[in-house]
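*Asks:* I'd like to ask you about the structure that follows.
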Amino acid sequence: MSLKALALNCTLKADKGEDSSTDAMIAVLKKALDEKQVTLSETVRVTALDIKPGVTSDEGNGDEWPSLREKILAHDILIFGGPIWMGQISSVAKRVLERMDAFLSETDDQGRMPSYGKVAVAAIVGNEDGAHFSSAQLFQALNDVGWTIPAVAACYWVGEAMGSTDFKDLKDTPKMVTKTARMVAGNAAHLAGLLKSSPYPN
């Protein structure tokens with residue numbers, strides 16, 4: 001069965017040419033997904049787009065969420081990536097979650113949201129505590145709007161508190177990060193395959 005994944009990089013850096021530790025973590029997950037024959041088709045840097053504030057699927061006048069929404073829903077697995085700021089997920093990540101709130105009123109004739117049957121995992125990096133809290137924020141919100149969260153759904157790395165070394169600066173990926181990435185990828189692929197072949201009932 002062919003499965004596709006899309007990654008969202010919710011870094012605060014809008015310039016795609018600027019190195020991002022979130023991109024580095026997504027790359028680790030991409031390698032793990034490759035091993036499970038899942039294609040990561042694209043990594044979208046959300047800050048490079050004009051995603052308007054709001055809770056509908058189209059906030060008009062230049063809003064780029066509608067096209068991103070369409071792209072997200074065309075994939076089986078969503079990698080929700082981002083940094084930790086002030087101990088929590090970034091404001092960019094929160095903007096994406098707020099826009100997904102529209103899914104609650106976009107159900108099909110069987111009451112299913114457009115995200116039903118699709119899997120979401122997290123890629124989190126930071127130089128402070130907050131990886132568990134950030135993933136908790138993400139997973140509760142994503143589950144509220146219809147995404148399915150597999151077992152071991154977060155791949156994260158946190159450096160020394162207030163340290164100067166970022167994940168992208170590491171010469172080698174820590175063994176536990178690689179091990180966790182393989183678990184995340186394997187569980188996500190397994191669950192996405194099951195849901196694709198046997199969708200949720202009404």
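The values are calculated or read from the model by the stated rules, or taken from the named source; none is laboratory data. Here the structure is a predicted model, which means the values were calculated and not measured. Note that we place each Cβ from the backbone using ideal geometry, even for glycine, and neighbour counts take in every protein chain shown. Ligands, DNA and RNA are stripped out before the accessible areas are found, and what is left, the full protein with its side chains, is counted by its heavy atoms. Shrake-Rupley method; radii C 1.70, N 1.55, O 1.52, S 1.80 Å.
*Asks:* Could I have the simple spin-label model distance between LYS179 and ALA14, label points 7 Å from Cα toward Cβ, reported in nm to one decimal?
*Replies:* Rounded to a tenth, the inter-label distance reads 4.2 nm.
*Asks:* What distance in nm separates the simple spin-label points at ALA161 and ASP50, each placed 7 Å from Cα in the Cβ direction?
*Replies:* Result: 4.2 nm between the two label points.
*Asks:* Which is the longest part of the chain that has none of the GluC sites (Glu not before Pro) sitting in a DSSP loop with at most 13 other Cβ atoms within 10 Å?
*Replies:* 19-159
*Asks:* Is it possible to state the helix-based mean residue ellipticity at 222 nm for the chain, with each DSSP H run of 4+ residues giving -39500 (n - 2.57), the sum divided by total residues, to the nearest 500 deg cm²/dmol? What is it?
*Replies:* -11500 deg cm²/dmol, from helical runs alone.
*Asks:* Here's a follow-up. 7 Å from Cα along Cα→Cβ at both GLU128 and GLU42: what's the point-to-point distance in nm?
*Replies:* With each label placed 7 Å out from Cα toward Cβ, I get 3.2 nm.
*Asks:* While we're on this one: Which whole-number percent is the relative contact order of the range 1-42 (Cα, under 8 Å, 6+ apart)?
*Replies:* 61
*Asks:* A follow-up question, please. Quick one: if the Förster radius is 25 Å, what FRET efficiency do GLU64 and GLN110 give, using the C-beta to C-beta distance and rounding to 0.05?
*Replies:* 0.25
*Asks:* Turning to a different aspect of this structure: How large, in Å, is the range 54-113 by the Kirkwood hydrodynamic radius built from its alpha-carbon pairs?
*Replies:* The Cα-based Kirkwood calculation yields 13.0 Å.
*Asks:* Return one whole number: the accessible area per residue of the chain in Å², for a 1.4 Å probe.
*Replies:* 49
*Asks:* Return the carbon/sulfur percentage of the accessible area of the range 43-117, one whole number, probe 1.4 Å, all protein chains in place.
*Replies:* Summing carbon and sulfur atoms, their accessible area is 49 percent of the total for the range 43-117.
*Asks:* Then there is this: Give the separation of the Cα centroids, the range 132-152 to the range 65-80, in Å.
*Replies:* If you average the Cα positions of each part, the centres end up 16 Å apart.
*Asks:* Would you work out the relative contact order for the chain, in percent, from Cα pairs under 8 angstrom that are 6 or more residues apart?
*Replies:* 25
*Asks:* Translational diffusion coefficient, Stokes-Einstein: compute it for the range 135-202 using the Kirkwood radius over C-alpha pairs as Rh, at 20 °C and 1.002 mPa s, and state it as an integer in µm² s⁻¹.
*Replies:* Reported coefficient: 150 µm²/s.
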